[in-house]
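Would you mind keeping the following structure in view while I ask a few things?
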């Protein structure tokens, strides 16, 4: 699992797409310090497994379903990505519980600057609306954020200067898409409510 607190950023050095998925080489000077083959890493919120690690880069493989369900299928070489190593048992949970299992993608509708803060509003699919609540948590491209406003079609978050400077969210333009993972606790609550209305008939 992850926390949504980005610990590093990298750049896509190479993408090799195949009929069954894609292999990506991601450049980062911290790759050799805390990561080993077989470890999990979140790349823009997508949980992937390290298949190779060097002093300057690491390699991951994504299956075809991942390309279909996330923004990964549109990634290009040179693109900046958010990175987070899997949480250890002795680490604190600074953000919220993030699994790295992307639910959907969202499109940036508007970006509005208020002083040092930037408010981003995204279009989201109607089936994800029940899992988004004001003051609740959401992971966008792997970044743990607090929902500041939500409607049936949109979700809004506010970015502080640190987040703008240390994640890829500060480079978003209207029309860009991000990976969305809603709060796992909210999913269980909604599911339990749905099951409560079911019968065995």
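Which three extents, in whole angstrom, do the alpha-carbon atoms of the range 85-201 cover along their principal axes, largest first?
Over the range 85-201, Cα extents along the principal axes are 55, 39, 20 Å.
For 135, 187, which order do you get if you count the other beta carbons within 10 Å of each Cβ and list the fewest first?
Least crowded to most crowded, the residues run 135, 187.
Among 121, 51, 20, which one moves the most in a GNM of the chain with springs linking Cα atoms closer than 10 Å?
20
Moving on. Could you tell me what % of all Cα pairs in the range 8-85 have separations over 22 Å?
12 percent
Can you give me the Cα centroid spacing of the range 4-48 and the range 86-102 in angstrom?
Each part's Cα centre sits 17 Å from the other's.
A further question on this structure: Cα centroid distance between the range 53-84 and the range 169-195, in Å?
Here the answer is 20 Å between Cα centres.
Shifting gears a bit: Taking every pair of Cα atoms in the chain, average 1/r, invert it to obtain the Kirkwood radius, and report Rg/Rh to two decimals.
With Rh from the inverse mean 1/r over Cα pairs, Rg/Rh is 0.98.
Values quoted throughout were computed directly from the atomic coordinates according to the rules given, and no laboratory measurement underlies them. Since this is a predicted model, take the numbers as computed values, not measurements. Cβ atoms come from the backbone with ideal geometry, glycine included; neighbour counts cover every protein chain shown.
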